[in-house]
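The values are calculated or read from the model by the stated rules, or taken from the named source; none is laboratory data. Note that the coordinates shown come from a computational prediction; the quantities given were computed from them, not determined experimentally. Counting neighbours? That spans all protein chains shown, and the Cβs are built from the backbone with ideal geometry, glycine included. Note: areas computed on protein heavy atoms with side chains; ligands, DNA, RNA excluded. Shrake-Rupley method; radii C 1.70, N 1.55, O 1.52, S 1.80 Å.
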Amino acid sequence: MSQIDYVLSAIKEKNPGQPEFHQAVSEVFDSIHPILASNKRYLDEKVFERMAEPERVISFRVCWTDDNNEIHVNRGYRVQMNSAMGPYKGGLRFHPTLNMSILKFLAFEQTFKNALTGLPLGAGKGGSDFDPKHKSDREIMRFCQAWMMEAHRHIGHFTDIPAGDIGVGEKEIGYLFGTFKKIKNEFQGSITGKGPLWGGSILRPEATGYGLIHFASYILAEINETLENKVCLVSGSGNVSQFAMEKLLEDKATVVGFSDSTGYIHDEEGVDWHKLAFLKELKNVKRESIEGYAEKFPSATFYKTGETNIWSIPADCAFPCATQNEMDEKDVKLLEKNGLILIAEGANMPLTDPAIKEVQRSGVMYAPGKAANAGGVAISGLEMTQNRLGRYWSRERMEKELKLIMHGIHEKCLETIKKNDLIAHDYLNAANIAGFERVAKAMLAQGSW
Ligand code: GLU
C-alpha cells in the first residue's frame with residue numbers, strides 16, 4: 001500500500017463501525033488524492049489525518065420531564081471539528097437515529113462547505129437522539145433547556161455557534177437561545193437561525209433552498225440552459241425543500257414530486273403557489289403527513305413508503321433535500337433512463353457512494369451538497385456579522401449577498417476544474433479540492449495543532 005493510501009485505511013481503522021463517516025472521508029480523499037501526491041508537505045504534516053480527527057467531541061446526558069411527569073434520558077452531542085478558518089459553526093440535528101458516525105460525517109462535510117463560502121467559519125455539528133415528533137411545545141422547550149444546560153459551557157459567539165438542521169427550526173433555536181442568554185446573562189450571537197425580531201437575519205430560513213436553486217441555475221447556464229419549464233423533483237418537504245420549491249416556482253420550473261418519511265407525492269400538474277402554501281401549513285403548522293396534499297388536490301397521487309420512491313418519477317432535475325443516503329445507484333440509473341440532466345444536493349450526502357460513481361459514469365451534471373447547499377450556513381455567517389455589528393440588513397441586501405456567495409462558490413469550482421485539469425463540470429472533485437486547499441493552508445499556517 002502506498003503512503004497515501006495508508007492515510008485513508010488508517011483513518012478507517014481508527015474509527016470502526018462508523019460507515020457514514022467512512023463514506024464522507026473516502027469521498028473527499030478520492031478527490032484530493034492527486035493533491036496529496038503532488039504536495040509532500042500535506043502528507044508530512046498529516047493534514048488530512050488532522051482534518052479527520054475532531055478537535056473535540058462532547059457527549060452528555062440530557063434529562064428532561066415529559067407532560068406526564070415521566071423522566072427521559074437522551075444523549076446530547078457537539079462535535080467541534082475544525083477551527084482553522086474560524087469558530088466552530090454548524091447545525092444541531094434532533095433525530096432518534098443520530099449517532100457518532102452521522103455527526104462526524106456531518107461535521108467533516110461542514111469543514112469543506114464552510115470553507116467554500118469564503119467566510120471565516122470553522123466547522124462543527126451536534127444535536128441529540130431526541131425525537132421531536134409528536135412532542136408538545138412544552139416538552140420541546142424543556143428538552144432544549146436541558147440540552148443547553150450542559151452545552152452552554154462549550155458554546156459562544158467566538159467559540160462555537162450552533163444553528164438548525166433536521167428537527168431543529170426557529171422554535172427550537174428560540175428555546176436554546178433563551179436558555180443560553182439566561183445562563184450567561186448576555187445577549188450575544190451564540191446561535192444562528194434566530195427569529196428576525198430577536199437577533200436573527202432576514203432570509204436565513206429561505207437561504208439553503210434558495211441558494212441551492214441559484215447554484216443549479218449557474219450550472220445550467222454553463223450548458224446554455226435555464227430552469228424554465230424543467231420538470232423537477234424535490235425530495236423531503238421540510239425547510240430546505242419548501243424554499244427550494246418556492247425558488248423553482250419563481251424560476252418557472254415545474255415541481256412534480258416531493259416526499260416525507262411516510263411516502264411521496266406525484267403531482268402531474270405541478271405544485272403551484274396555492275398548493276405550496278397548503279403544503280407549508282400541512283408540514284409546519286399541522287405537522288401532518290403529505291398524504292393530506294393528495295386528499296386535497298386531485299392532480300396528485302400519494303405513494304406510501306415502500307417499493308417505489310420519488311426518484312421513479314421522470315424528471316429533468318432532481319434535488320435530494322431530505323437526508324443522507326436517500327438516493328442509491330438504481331435510483332440514479334432510473335433517473336438517467338428517464339432523461340435526467342442534473343442532480344443538485346440540498347441535503348448533506350444524500351447520494352450513496354455507488355450512486356455518485358454512477359453519476360460520474362453517466363455524465364449527468366451533479367452538484368455536491370458542500371457547494372450546492374452552502375447558502376444556509378453562509379447566511380448564518382452573515383447573521384453572526386450582523387449580531388456583532390448590532391445592525392440588521394434588508395431583504396434586498398440579503399438576497400444579493402446570498403447570490404454573490406453562491407456565485408462565488410460556483411466560480412471557485414470552475415477555477416479549480418481548470419487549474420487541476422478536471423473533466424468539464426466535475427463539481428464533485430472541484431468542491432472537495434477547493435474546500436480542502438483552503439482549510440489545509442489555514443491549518444499549516446497555524447502550526448501542528
Ligand atoms: N445545518 C445547516 C448545514 O448543514 C446549516 C448550518 C448553520 O447554519 O450553521 O449547513
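Summary table below
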{"quantity": "Among 190, 26, 136, residue whose mean-square fluctuation peaks in a GNM of the chain (springs only between Cα atoms under 10 Å)", "calculated": "136"}
{"quantity": "Cα centroid separation, segment 374-449 to segment 48-91 (Å)", "calculated": "24 Å"}
{"quantity": "Most mobile listed residue (263, 76, 124) in the chain, GNM with C-alpha springs under 10 Å", "calculated": "263"}
{"quantity": "For residue 62, residues with placed amide H under 5 Å, excluding near neighbours", "calculated": "74, 75, 76"}
{"quantity": "Separation in nanometres of the label points that stand 7 Å from Cα toward Cβ, at residue 68 and residue 423", "calculated": "5.7 nm"}
{"quantity": "Rg ratio (alpha-carbon, reference 2.2 N^0.38 Å) - segment 193-244", "calculated": "1.39"}
{"quantity": "Length-normalised contact order for segment 342-449 - Cα pairs under 8 Å, 6+ apart - percent", "calculated": "24 percent"}
{"quantity": "Rounded accessible area per residue of the chain, 1.4 Å, Å²", "calculated": "42 Å²"}
{"quantity": "Value of relative contact order over segment 1-117, rounded to a whole percent, pairs C-alpha under 8 Å and six or more apart", "calculated": "29 percent"}
{"quantity": "Area accessible to solvent at residue 425, 1.4 Å probe radius, in Å²", "calculated": "70 Å²"}
{"quantity": "Stokes-Einstein D in µm²/s, Kirkwood radius over Cα pairs - segment 368-420 at 37 °C with 0.692 mPa s viscosity", "calculated": "269 µm²/s"}
{"quantity": "The chain - mean residue ellipticity at 222 nm from DSSP helices (-39,500 (n - 2.57) per run, n ≥ 4, rounded to 500)", "calculated": "-15000 deg cm²/dmol"}
{"quantity": "Charged-residue dipole, Cβ positions (Lys, Arg, Asp, Glu), the chain about Cα centre, Debye nearest 20", "calculated": "1620 debye"}
{"quantity": "Candidates 353, 137, 251: whichever shows maximal mean-square fluctuation once the chain is modelled as a Gaussian network with Cα springs under 10 Å", "calculated": "137"}
{"quantity": "Net length gained if the chain between residue 337 and residue 61 were fully extended (0.36 nm per residue, minus Cα distance)", "calculated": "94.5 nm"}
{"quantity": "Karplus 3J(HN,Hα) series, Hz, for segment 391-402 with 6.51 cos²θ - 1.76 cosθ + 1.60 (x for Gly, Pro)", "calculated": "10, 10, 9, 6, 4, 4, 5, 5, 4, 5, 4, 4"}
{"quantity": "Charge dipole (segment 397-449, unit charges on Cβ, about Cα centre) - positive-most of 398, 432, 449", "calculated": "398"}
{"quantity": "Net charge dipole size for segment 203-280 [Lys, Arg +1 and Asp, Glu -1 on Cβ; Debye, nearest 20]", "calculated": "240 debye"}
{"quantity": "Probe 1.4 Å, all protein chains present, accessible-area order of 393, 273, 198, largest first", "calculated": "273, 198, 393"}
{"quantity": "Normalised contact order of segment 204-306, rounded percent, pairs of Cα under 8 Å and 6 or more residues apart", "calculated": "23 percent"}
{"quantity": "Mean Cβ neighbour count within 10 Å, used as a protection proxy, ranking 284-297, 327-340 highest first", "calculated": "327-340, 284-297"}
{"quantity": "Spacing of the two label points (7 Å from each Cα toward its C-beta) at residue 269 and residue 224, in nm", "calculated": "3.6 nm"}
{"quantity": "Heavy atoms of residue 175 accessible to a 1.4 Å probe, total area in Å² rounded to 10", "calculated": "60 Å²"}
{"quantity": "log₁₀ of I(q)/I(0) at q = 0.07, 0.09, 0.14 Å⁻¹ - the chain, Debye sum with one point per alpha carbon", "calculated": "-0.32, -0.55, -1.40"}
{"quantity": "Sorted largest first, extent of segment 130-237 alpha carbons per principal axis (Å)", "calculated": "54, 34, 24"}
{"quantity": "GluC sites (Glu not before Pro) lying in DSSP loop within segment 181-230, provided at most 11 other Cβ fall within 10 Å", "calculated": "186, 228"}
{"quantity": "Check: segment 229-332 dipole with +1 on Lys, Arg Cβ and -1 on Asp, Glu Cβ, in debye", "calculated": "300 debye"}
{"quantity": "Spatial separation of Cα centroids for segment 330-361 and segment 266-295, in angstrom", "calculated": "25 Å"}
{"quantity": "Within the chain, percent of DSSP bridges classed antiparallel, to nearest 5", "calculated": "60 percent"}
{"quantity": "Cβ-defined net charge surrounding residue 337, 12 Å radius [Lys, Arg +1; Asp, Glu -1]", "calculated": "-1"}
